[in-house]
Amino acid sequence: MIVIPAVDIRNGKCVRLLQGRPDAETVFSDDPAAMAEKWEAAGASLIHVVDLDGALEQQPRNLESIRRILDRVQVDIQVGGGLRDLKTIRTYLDMGIQRVVIGTEAIRNPDLVVTSCREFPDRIVVGIDARDGRVAIEGWTETTAVTAVDLARRFEDSGVAAINFTDIHRDGMQTGPNIEETRRLAESIDIPVVASGGVSSMEDIIRLLPLESAGVVGVITGKALYSGALDLEQAIGAAAAAAKKP
């Protein structure tokens with residue numbers, strides 16, 4: 001299981017939101033690329049970048065900030081937020097982004113996921129953000145009637161590289177990840193799952209590690225890193241040690 005630091009960008013700054021609410025923002029840096037460099041130096045092998053403005057405005061809004069991250073780090077970058085068509089997906093991948101995350105369009109336009117997976121093998125991630133088990137879209141402003149498990153199952157044979165699963169109620173709250181919902185999703189599909197939302201401490205990382213046998217291959221963490229509650233280097237070390245155990 002890999003530990004993936006998040007860099008959320010809003011108005012060109014590195015921020016964290018509570019439960020995705022724009023009115024509950026904390027700015028951690030005016031330089032998102034510097035934060036990416038910090039996580040790379042701590043041992044990250046993948047950095048999760050979110051264009052928060054793009055998620056709300058349905059198109060990329062922080063391309064220059066993302067380009068600067070690419071210029072300054074060597075590790076793989078995945079990007080989500082505002083990916084609504086093949087042109088945008090291609091733009092990101094041509095820039096050097098390793099993987100892109102499709103969220104809202106996985107419900108609005110599932111054919112985009114299928115087509116993208118065919119055109120860009122192993123580079124498409126589906127982001128499933130759930131509130132009380134139901135998928136939320138449009139920057140988490142709208143909750144649908146579709147369950148997270150049902151949506152994930154739609155893409156079983158499409159070639160999706162991973163499912164990023166976020167429990168919205170826990171995102172940015174540092175209340176601990178939703179272990180049981182993450183396990184249930186992972187056990188329901190063959191697609192690898194990345195957990196997200198609520199990581200508050202090293203203990204939460206340790207609690208997630210047994211889920212690797214169910215198909216949880218990574219965990220995204222943000223607020224805990226920025227607040228100092230979680231040490232990235234230590235978390236990566238614990239995950240690596242767990243992987244070596246027979």
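The values are calculated or read from the model by the stated rules, or taken from the named source; none is laboratory data. Because the structure is a prediction, the values reported are computed rather than measured. With ideal geometry, Cβ positions are generated from the backbone for all residues, glycine too; neighbour counts draw on all protein chains shown.
The table for this structure:
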quantity	calculated
Selection from region 101-158 of residues that are among the charged types (D, E, K, R) and crowded, with 23+ Cβ neighbours inside 10 Å	Asp129
Listing of strands (runs of 3 or more DSSP E) fully contained in region 6-59 that carry 2 or more residues being within 16 Å of the chain's Cα centre (by Cα)	13-17, 46-51
Of residues in region 13-53 being crowded, with 22+ Cβ neighbours inside 10 Å and out of contact with any helix residue (DSSP H, G or I) (no Cβ under 9 Å at 6 or more places or on another chain), the one modelled with the highest pLDDT	His48
Any pair with Cβ under 6 angstrom, 6 or more apart, that starts in region 22-39 at a residue that is closer than 16 Å to Ile77 by Cβ and ends at one that is among the hydroxyl-bearing types (Ser, Thr, Tyr) and in a helix (DSSP H, G or I)	Pro32/Ser65
Some residue of region 166-173 being surrounded by fewer than 24 Cβ atoms within 10 Å (Cβ to Cβ) and of a type in the set (Asp, Glu)	no
Boolean, Asp150 is touching a strand residue (DSSP E or B) at 6+ places or on another chain (Cβ under 9 Å), of a type in the set (Asp, Glu) and modelled with pLDDT of 95 or more	yes
Of residues in region 192-246 being over 17 Å from the mean Cα position of the chain (by Cα) and not in a helix (DSSP H, G or I), the one nearest to Ile179 (Cα to Cα)	Ser201
Options Arg84, Arg67: the member that is farther than 26 Å from Arg131 by Cβ, surrounded by fewer than 19 Cβ atoms within 10 Å (Cβ to Cβ), more than 14 Å from the chain's Cα centre (by Cα) and not acidic (Asp, Glu)	Arg67
Top-ranked residue in region 184-238 [being of a type in the set (D, E, K, R) and buried (at least 21 other Cβ atoms within 10 Å of the Cβ); ranked as nearest to Arg153 (Cα to Cα)]	Asp204
Every pair of residues 6+ apart whose Cβ atoms lie under 8 Å, when the first sits in region 230-246 and is among the polar types (S, T, N, Q) while the second is at pLDDT 95 or above and part of a helix (DSSP H, G or I)	Gln234/Met202
Residue tally, condition among the polar types (S, T, N, Q), within 24 Å of Ile77 (Cβ to Cβ) and in contact with a helix residue (DSSP H, G or I) (Cβ under 7 Å, 6 or more places away or on another chain), over region 199-246	1
Residue list for region 222-238, restricted to those being modelled with pLDDT under 95 and under 15 Å from Val194 (Cβ atoms)	Gly222
Filtered residue count, region 7-59, keeping only those that are under 19 Å from Gly197 (Cβ atoms) and among the polar types (S, T, N, Q)	2
